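Report on one structure; see the data block that follows.
The values are calculated or read from the model by the stated rules, or taken from the named source; none is laboratory data. The model shown is predicted, which means the values in this text are computed figures rather than measured ones. Here the Cβ is made from the backbone with ideal geometry for all residues, glycine too, and neighbour counts use every protein chain on show.
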Amino acid sequence: MARWKLKTPHYLMVPNTRWEYVENSRVNGRPERKLFDVPRYLHPEDPQDWNWKYDRDSGDIIVCYEGKGDPSGKDLVFTGNPTPDMEPLDEEAKEITTRTVRPMLMGVENERGYAGNVLEELSMKLAEAMTSNPSGSMEKLLETMNKMMEQNAMLIAALAAPKAEAGRRV
């Protein structure tokens, strides 16, 4: 087993936590949908986030890796490395935490800290996703514009040809 208890609020990558972005296409007017995997916000003091409830006023958020949780299936599966604010609950979790969290803390001496590093990485991913153009609509637009320019050039040549012939006759 590899299980951790959250001590502070976390944004964790939980499978099937997605955000849908919808934009109407300028070419055909139809909506274009894109799904992004996003982290899920979990707060240990929010009773709605508790997956282990002990009584009405107490509970915990216990997270684990796929296939490494409690057999009851209550544990929340996450991907990625554990953070310094996760309390390991078993020996395997302690070993993983020692191996992965120590290198993570090496760069925390800067003013942003660990949370700032994670936030910067997420904002860079968001900026990359917003600037990428996977639908190819820009290529379609350029292709259409090139065809229109070719047609305009042919029309201008056809209109200019009779005037040129008339000028030669004089």
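Per-structure values
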| item | result |
| --- | --- |
| Cβ pairs under 7 Å, 6+ apart, first in the range 61-76 and in contact (Cβ under 8 Å) with a residue 60 or more places away in the chain and in the same structural domain as Y11 (by TED's automatic domain parsing), second polar (S, T, N, Q) and in a loop (DSSP other than H, G, I, E, B) | D75/N51; L76/N51 |
| Residue that is without any contact (Cβ under 8 Å) to a residue 12 or more places away in the chain, more than 11 Å from F78 (Cα to Cα) and of a type in the set (K, R), where the choices are R30, R26 | R30 |
| Failed condition for N16, given (1) at negative phi; (2) assigned to a loop (DSSP other than H, G, I, E, B) | (1) |
| Output for the range 33-60, where each listed residue is surrounded by 15 or more Cβ atoms within 10 Å (Cβ to Cβ) and either of a type outside the set (A, V, I, L, M) or not assigned by TED's automatic domain parsing to the domain that holds N16 (or both) | P39, R40, P44, D49, W50, N51, W52, G59, D60 |
